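Below: the structure, in structure tokens.
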Amino acid sequence: MKADPTKIPNVKQAVPFFMVTDIDASVRFYVDGLGFRVVNEWRPEQRGGRLQWCWLQLGDAAIMLQEFWKDGRPGGAPEGPLGQGVSVCFQCMDAIAIYHELIARSIDASRPFVGNNLWVTSMRDPDGYKLDFESPADAPEGTVYSGQPR
């Protein structure tokens, strides 16, 4: 099937959907640590109004979180690490500024380096999902940021 270049694309956004083991800890990490805000949530009455799912937004980026649930209570996560082999790359204006913000909020972010012509700082969320914040670089490939956390 050939794409029609005059047709407006129907797809608007890709939103990662992370299944998590402790949604309260994950929301704290993303909201208090990374600066996301909760824009939608689901708290089913049959589960005591407890948060089950949420949509989080940071600028134009979004993620969804949902807690594993089995037999009427939290549980049912698969064996082994979650998110293995997957990275979510957030494209931003200034990854070094984000690095400083994260360190100030006690988030264990990696020292920025240049890879693929991008400054990259990375961290893992409470369930081990890898998150990269990236911005265009004006330094040579492999350069490691030498500035001190503020």
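The values are calculated or read from the model by the stated rules, or taken from the named source; none is laboratory data. In this text, all values refer to a predicted model and were calculated from it rather than measured experimentally. With ideal geometry, Cβ positions are generated from the backbone for all residues, glycine too; neighbour counts draw on all protein chains shown. Side chains are part of the model used for accessible areas, which takes the heavy atoms of the whole protein and leaves out ligands, DNA and RNA. Shrake-Rupley method; radii C 1.70, N 1.55, O 1.52, S 1.80 Å.
Data for the structure
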quantity	calculated
Any pair with Cβ under 6 angstrom, 6 or more apart, that starts in the range 64-86 at a residue that is over 22 Å from N40 (Cα atoms) and ends at one that is surrounded by 10 or more Cβ atoms within 10 Å (Cβ to Cβ) and among the aromatic types (F, W, Y)	G76/F68; A77/F68; G83/Y129
Candidates V15, V20, filtered to the one that is aliphatic (A, V, I, L, M), over 30 Å from T143 (Cβ atoms), open to solvent by less than 60 Å² (accessible area, probe 1.4 Å) and in contact with a Ser or Thr (Cβ under 7 Å, 6 or more places away or on another chain)	V20
All positions within the range 59-88 that are over 14 Å from the mean Cα position of the chain (by Cα) and surrounded by 14 or more Cβ atoms within 10 Å (Cβ to Cβ)	E67, F68, W69, P74, A77
Flag for Y145 being aromatic (F, W, Y) and open to solvent by 40 Å² or more (accessible area, probe 1.4 Å)	yes
The listed residue being crowded, with 16+ Cβ neighbours inside 10 Å, more than 16 Å from L131 (Cα to Cα) and aliphatic (A, V, I, L, M), out of L51, L56	L51
Verdict on V120 being open to solvent by less than 30 Å² (accessible area, probe 1.4 Å), in contact (Cβ under 8 Å) with a residue 24 or more places away in the chain and either over 28 Å from V27 (Cα atoms) or over 13 Å from the mean Cα position of the chain (by Cα) (or both)	yes
Odd one out for C54 among (1) part of a loop (DSSP other than H, G, I, E, B); (2) touching a strand residue (DSSP E or B) at 6+ places or on another chain (Cβ under 6 Å)	(1)
